[in-house]
Amino acid sequence: MDYKFRCECPITSALDILGDKWVLVIIKQMLIEDKKTFKDFTESDEAIATNILASKLKCLEELGIITKTQPPDNKKTNLYLLTEKGLALTPIIVELSIWSDENVRGLNKIMRDSPEIAIMKSDKNSFIKMIIEAYKAKTEKFY
């Protein structure tokens, strides 16, 4: 895939891939909410439109952030799984969670409380490792 980047800046280049409204939401859903199928994503609270979802999943697959596979017992269903490149975004998801708890909670009156935030804040590296290991354990049979 020949991806177009705006400039040579590493931050801008990362944002060219991750900076839209849906990409990190999809990755968060896969990593934390155990979403794997197109149907799983469409039934989520975030209510992503199916055309946008299809486009984002295809793009993430082309970029090597996720992989698409089929379970051996159901050839009609596609499973979307994070690759190592996708899992490497876990620290960003964790940092965004902490930042949001500290800076957005006062603006978003419906933001739910999460006991995981305290764990993230107290031992971020262990939490990141735990999330990645849990994800791998849940998905290892599909690789």
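Which entries of Lys39/Lys76; Lys28/Lys75; Lys56/Lys129 show an alpha-carbon separation above 23 angstrom in the structure shown?
Pairs exceeding 23 Å: Lys28/Lys75; Lys56/Lys129.
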For Leu79, which sequence-distant residues (separation of 5 or more, or a different chain) have an amide H within less than 5 Å of its own amide H, given hydrogens modelled in the peptide plane? Thr69, Gln70
Using the Karplus curve 6.51 cos²θ - 1.76 cosθ + 1.60 with θ = phi - 60°, what ³J(HN,Hα) values do you get for each residue of segment 3-9, in whole Hz, with x for Gly and Pro? 8, 8, 10, 6, 6, 8, 5
Using only helices, what value at 222 nm comes out for the chain when you add -39,500 (n - 2.57) per DSSP H run of length 4 or more and divide by the total residues, to the nearest 500 deg cm²/dmol? -16500 deg cm²/dmol
Gain on full stretching of the segment that runs from Asp40 to Ser13 - 0.36 nm per residue minus C-alpha separation: 6.8 nm
How high is the relative contact order of the chain, in percent, counting Cα pairs under 8 Å that sit 6 or more residues apart? 20 percent
Per residue, how large is the accessible surface of the chain? Use a 1.4 angstrom probe and give square angstrom. 64 Å²
Span per principal axis, largest first, for the Cα atoms of segment 8-82 (Å): 45, 25, 23
Heavy-atom accessible surface of segment 63-140: percent carbon and sulfur, 1.4 Å: 56 percent
Using the Karplus curve 6.51 cos²θ - 1.76 cosθ + 1.60 with θ = phi - 60°, work out ³J(HN,Hα) for each residue of segment 73-80 in order, rounded to whole Hz, and write x for Gly and Pro. 8, 8, 6, 8, 9, 9, 10, 10
Per-residue HN-Hα couplings for segment 130-137, Karplus 6.51 cos²θ - 1.76 cosθ + 1.60 at θ = phi - 60°, whole Hz, x for Gly and Pro? 4, 4, 5, 5, 5, 4, 4, 5
Name the trypsin sites (Lys or Arg not before Pro) in segment 75-143 that are in a loop by DSSP and that have at most 13 other C-beta atoms within 10 Å, would you? Lys75, Lys76, Arg105, Lys109, Arg112
Can you tell me the convex hull volume per residue for segment 11-142, based on C-alpha atoms, in Å³ to the nearest whole number? 124 Å³
Cα→Cβ-extended label distance, 7 Å offset, between Gln70 and Ser122, nm: 4.6 nm
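The values are calculated or read from the model by the stated rules, or taken from the named source; none is laboratory data. Everything numeric in this text was worked out from a predicted model, so none of it was measured. Every residue, glycine as well, gets a Cβ built from its backbone with ideal geometry; the counts of neighbours run over all protein chains shown. Each accessible area value is taken on the protein alone, full model and side chains, heavy atoms only, with ligands, DNA and RNA left out. Shrake-Rupley method; radii C 1.70, N 1.55, O 1.52, S 1.80 Å.
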